[in-house]
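Reading through the structure tokens given below for one structure.
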Amino acid sequence: MNGPGQDMVTLTIDGRKVRAPSGSYLLQVARDAGIEIPTLCDHPDLEPVGACRLCMVEVTHPDWNGWKGLMTSCLYPVAEGIVVDTRSPKVMQARRQELDLLVARVPGSAAIRKLADQHGCKESRFAVQSNADNCIVCGLCTRVCETFATAAITTFDRGATKNVGPFAGKPPTECIGCGACAQVCPTDNIPAERTDADFRIWKRVFPTHVVVIDDSRCMGCGSCEEACPFHVARIALRSDGVRGAVIAPESCRGCGACVGACPSGALDQKTFAWPALLEQAPASTKGGVS
């Protein structure tokens, strides 16, 4: 969305003239124009990092005397007059090379296999990892945990053995069971199971406490909608004609992010009273809670 007085630039993507706000990134601008660019590490709620390298595009400019270069579109800001090719021979070769490596790393991933087939990468030239999981170390899970939750998981090891998970492979005490990491994983590598009574992830079991709303206290401010990492909480026109918070109980993950963000106390998890929270808190932290 363009803000008032925001500078606009004109660029060309795959032969089409496109107008976009100055400073916005190529990947989103192309998507807004209906031009699809593959990516595995991008998410609209997270800062881009260019980890997967699949969103490479070829960029040039009439003033660059014929010079062209491959750029990660998620991190490349638009500029006046640039010319972008999302499917040039160099771009397609770069994507095939990356997918060649990914097929060898995660041979059992249906998502990677589908992308590889779409780009003509039928078999990997590299040695396929034995007993491989489906982690491509894109960083989406750790980034969403750091941004919206408690940084309970991280990357460990280096090179070919680099992976993600909790510290020392033990069930993470910091995990709040929101499930955001499993939701954003592009290869479904993080096992998570939800039942009517609980949610299981990282070898931990979390009771699911659905958030309830006191309509009389809700101000319709939108803090819950902004805080919810799953886009479940939202502000809508209720049946009484007043705008307020709406949370579908069948979709609520029970993470409590919206409860903490609500300035009026309109949101609550009835079974998560303070005594119950204290019982679940690690012993090392109980002394600081009053």
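Brief remarks follow.
- Here Ala20 clears all of (1) at pLDDT 95 or above; (2) in a loop (DSSP other than H, G, I, E, B) except the condition numbered (2).
- Qualifying position, being under 20 Å from Arg143 (Cβ atoms) and surrounded by 18 or more Cβ atoms within 10 Å (Cβ to Cβ), among Leu46, Leu54, Leu11: Leu54
- A residue that is over 29 Å from Phe230 (Cα atoms), part of a loop (DSSP other than H, G, I, E, B) and in contact (Cβ under 8 Å) with a residue 24 or more places away in the chain occurs nowhere in region 51-68.
The values are calculated or read from the model by the stated rules, or taken from the named source; none is laboratory data. A quick note: this is a predicted structure, and the numbers were derived from the prediction, not measured. When we count neighbours, we look across all protein chains shown, and the Cβ atoms used for this are built from the backbone with ideal geometry, even at glycine.
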